[in-house]
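Mind having a look at this structure? Questions to follow.
The values are calculated or read from the model by the stated rules, or taken from the named source; none is laboratory data. Note that the coordinates shown come from a computational prediction; the quantities given were computed from them, not determined experimentally. For neighbour counting, all protein chains shown are included, and Cβ atoms are generated from backbone atoms with ideal geometry for every residue, glycine included. For the accessible areas, the whole protein counts, side chains as well, though only heavy atoms, and no ligand, DNA or RNA atoms are used. Shrake-Rupley method; radii C 1.70, N 1.55, O 1.52, S 1.80 Å.
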Amino acid sequence: SQQGEEDPQALSIQEGENATMNCSYKTSINNLQWYRQNSGRGLVHLILIRSNEREKHSGRLRVTLDTSKKSSSLLITASRAADTASYFCATSGNTPLVFGKGTRLSVIA
Amino acid sequence: SQTIHQWPATLVQPVGSPLSLECTVEGTSNPNLYWYRQAAGRGLQLLFYSVGIGQISSEVPQNLSASRPQDRQFILSSKKLLLSDSGFYLCAWSVTRGQTGELFFGEGSRLTVL
């Protein structure tokens, strides 16, 4: 299975701190994506990194991809209370996106 | 701009009753359409996806079915619900060309089977 697995399952930090979430997967991918889900809502796409890219930035988000280790990380800098949500990685190969179980991030004001 | 609508938002159904969840997409043509289920505190499980009218791929065998009667309409159904069907159901769409795979999700339908 190419399912991604996020680590940690839950993360609690103070506002202003950085949050780092990791994702590991098992098979070859075309790209890896990160999504955010507020409680009881649909998922929202955050950022996509292609298999030939190593790092990508979008605002306070920084994503890295190491295809040799089959892993990715999502860094949220200067976190805010509004960043509290679940974050999922999803891998794209020859099948529809496969999602991991997510990391629940709590940012305490 | 493209929008996706999913309804109903919440429903409580008895075991053995039928189910129909509907999803429509506006502002795009020939989208890929998906149904995912999310159990409490769990990740997303892909149930069905469709690349065109009448074309449905099932990822997990179960008592659910999906249909795509129109280009931008995707329906999830069951003839008899089980307790294990409880969960948060999410419809999503993606473009068929470009192959980025980015998904756009609806707001979800929370189903409780009692």
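Among the residues of the stretch A:54-80, write down those that are more than 13 Å from A:Ser28 (Cα to Cα), in contact (Cβ under 8 Å) with a residue 24 or more places away in the chain and open to solvent by 40 Å² or more (accessible area, probe 1.4 Å).
A:Thr77, A:Ala78, A:Arg80
How do the strands (runs of 3 or more DSSP E) wholly within the stretch B:16-93 filter down when requiring 3 or more residues that are over 25 Å from A:Glu6 (Cα atoms) and under 14 Å from the mean Cα position of the chain (by Cα): which remain?
Correct list: B:19-26, B:55-58, B:64-70, B:73-78.
Taking into account only those residues within the stretch A:10-48 that are closer than 23 Å to B:Ala40 by Cβ and of a type in the set (Ser, Thr, Tyr), which is most open to solvent (accessible area, probe 1.4 Å)?
Checked the stretch A:10-48; the qualifying residue most open to solvent (accessible area, probe 1.4 Å) is A:Ser39.
Among the residues of the stretch B:25-53, count how many are more than 13 Å from chain A (Cβ to nearest Cβ) and open to solvent by 30 Å² or more (accessible area, probe 1.4 Å).
Count: 5.
Within 12 Å of another protein chain (Cβ to nearest Cβ) and either modelled with pLDDT of 95 or more or open to solvent by less than 70 Å² (accessible area, probe 1.4 Å) (or both): does that describe B:Phe105?
Criteria met by B:Phe105.
Would you say B:Leu90 is surrounded by 14 or more Cβ atoms within 10 Å (Cβ to Cβ), without any contact (Cβ under 8 Å) to a residue 24 or more places away in the chain, within 14 Å of another protein chain (Cβ to nearest Cβ) and not acidic (Asp, Glu)?
Spelling it out, it is not the case that B:Leu90 is surrounded by 14 or more Cβ atoms within 10 Å (Cβ to Cβ), without any contact (Cβ under 8 Å) to a residue 24 or more places away in the chain, within 14 Å of another protein chain (Cβ to nearest Cβ) and not acidic (Asp, Glu).
Restricting to the stretch B:1-15, give me the number of residues that are within 10 Å of B:Gly108 (Cα to Cα) and assigned to a strand (DSSP E or B).
4
Mind telling me which of the residues B:Gln62, B:Gln73 ends up being more than 9 Å from chain A (Cβ to nearest Cβ), closer than 28 Å to A:Asn94 by Cβ and open to solvent by 40 Å² or more (accessible area, probe 1.4 Å)?
B:Gln62
For every residue, the table says whether it meets (1) within 17 Å of A:Arg41 (Cβ to Cβ); (2) without any contact (Cβ under 8 Å) to a residue 24 or more places away in the chain.
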residue	(1), (2)
B:Pro8	yes, no
B:Val15	no, no
B:Glu26	no, no
B:Asn30	no, no
B:Ala39	yes, no
B:Arg42	yes, yes
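Show the residue pairs that are 6+ apart or on different chains and have beta-carbon atoms under 7 Å apart, the first residue being within the stretch A:12-40 and within 12 Å of chain B (Cβ to nearest Cβ) and farther than 18 Å from B:Phe104 by Cβ, the second being acidic (Asp, Glu) and crowded, with 16+ Cβ neighbours inside 10 Å.
That search, which allows pairs on different chains as well, returns A:Cys23/A:Glu5; A:Cys23/A:Glu6.
Starting from residues that are without any contact (Cβ under 8 Å) to a residue 60 or more places away in the chain and in a strand (DSSP E or B), keep the ones in the stretch A:81-101 and report whichever is nearest to the other protein chains (Cβ to nearest Cβ).
Taking the candidates together, the pick is A:Ser86.
Continuing with this model, one more query. A:Gln2 is checked against (1) at pLDDT below 95; (2) within 30 Å of B:Ala9 (Cα to Cα) and fails just one. What number does that condition carry?
It is condition (2) that A:Gln2 fails.
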